[in-house]
Amino acid sequence: MLDNLPGFELRLYPSHLVAQVTVHSALEDAGGTAFAYLFGYISGENTLGTGQARGGVAPVAGAAGSGGDPAAVARRIPMTAPVLLQPESLAGTYTVGFVLPASLSAATAPDPADPAVSLVAVPEARGAAARFTGRWTAHNYEDHAAALGEAVAAAGLTVRGLPRFALFDPPYKPWFLRRNEVVQTVE
């Protein structure tokens, strides 16, 4: 954390890798729609590209395509938090991403087998983050994003892009115990 300001924490987010998929749905359904694609990727529906490093990569037992072709070795990836939900400029379009473990880079991460999933290297950036509890609804997102926007403007910071949801808990956790954040990239 860089600073604790009125209404938000100013943080420095290190560069990281995200497996993501873009879906067309209501915000409340975006995470569920994207989950199958992203869970498939981290569960082994992936292959190592021909130019990727192979150190520390173990094949998944019984993985499709692992019959002898070293470029087709699947790899399970541990689930991390948060899950990111980013609204796009087109209404009803959301990009949902799993932040991959810090041990993976664009050069070492397995390639997604499903073309709907893409890997994106996110550069280091400063962000304003406001925590809240509750359900993952458009109303919650809009209210908390607006409050964060006002606090960021009052602090004299310049925003970059649209704010995003960071979801830390599974959907079966009671809504009043869920840890969520709205994060806005700032300059």
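The values are calculated or read from the model by the stated rules, or taken from the named source; none is laboratory data. The model shown is predicted, which means the values in this text are computed figures rather than measured ones. Cβ coordinates were reconstructed from backbone atoms using ideal geometry, including for glycine residues, and neighbour counts include every protein chain displayed.
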Check: Does region 117-128 include one or more residues that are surrounded by fewer than 17 Cβ atoms within 10 Å (Cβ to Cβ) and in contact with a helix residue (DSSP H, G or I) (Cβ under 9 Å, 6 or more places away or on another chain)?
Finding: no
Next item on the list: Tell me, please, whether a residue that is in contact with a strand residue (DSSP E or B) (Cβ under 8 Å, 6 or more places away or on another chain), in a loop (DSSP other than H, G, I, E, B) and either more than 24 Å from GLY7 (Cα to Cα) or β-branched (Val, Ile, Thr) (or both) can be found in region 137-149.
Entry: no
Item checked: Options ARG164, ARG160; residue that is within 20 Å of VAL18 (Cα to Cα), among the charged types (D, E, K, R) and exposed (fewer than 15 other Cβ atoms within 10 Å of the Cβ) -> ARG160
Note to self: Looking only at residues that are out of contact with any helix residue (DSSP H, G or I) (no Cβ under 6 Å at 6 or more places or on another chain) and touching a residue at least 24 places away in the same chain (Cβ under 8 Å) in region 91-102, which one is farthest from ASP29 (Cα to Cα)?
What the structure shows: ALA102
Note to self: I need the full set of residues from region 130-157 which are touching a residue at least 60 places away in the same chain (Cβ under 8 Å), under 27 Å from MET79 (Cα atoms) and crowded, with 18+ Cβ neighbours inside 10 Å, in order please.
What the structure shows: ALA130, TRP136, TYR141
Next item on the list: Tell me, please, whether a residue that is touching a Gly at 6+ places or on another chain (Cβ under 6 Å), more than 16 Å from THR33 (Cβ to Cβ) and either of a type outside the set (Val, Ile, Thr) or assigned to a strand (DSSP E or B) (or both) can be found in region 94-108.
Entry: no
Check: Of the residues ALA61, ALA106, ALA102, which is surrounded by fewer than 18 Cβ atoms within 10 Å (Cβ to Cβ) and modelled with pLDDT under 90?
Finding: ALA61
Notebook entry, point to check: For residues in region 167-187 being in contact (Cβ under 8 Å) with a residue 24 or more places away in the chain and farther than 20 Å from PHE98 by Cα, which is surrounded by the most Cβ atoms within 10 Å (Cβ to Cβ)?
Noted result: VAL186
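Listed here are the residues, each with its yes/no results for (1) under 24 Å from GLN184 (Cα atoms); (2) modelled with pLDDT under 70; (3) surrounded by fewer than 12 Cβ atoms within 10 Å (Cβ to Cβ); (4) over 16 Å from the mean Cα position of the chain (by Cα).
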{"residue": "ALA19", "(1), (2), (3), (4)": "yes, no, no, no"}
{"residue": "SER25", "(1), (2), (3), (4)": "yes, no, no, yes"}
{"residue": "GLY32", "(1), (2), (3), (4)": "yes, no, no, no"}
{"residue": "PHE35", "(1), (2), (3), (4)": "yes, no, no, no"}
{"residue": "GLY49", "(1), (2), (3), (4)": "no, yes, no, yes"}
{"residue": "VAL57", "(1), (2), (3), (4)": "no, yes, no, yes"}
{"residue": "GLY68", "(1), (2), (3), (4)": "no, yes, yes, yes"}
{"residue": "VAL73", "(1), (2), (3), (4)": "no, yes, no, yes"}
{"residue": "PRO78", "(1), (2), (3), (4)": "no, no, yes, no"}
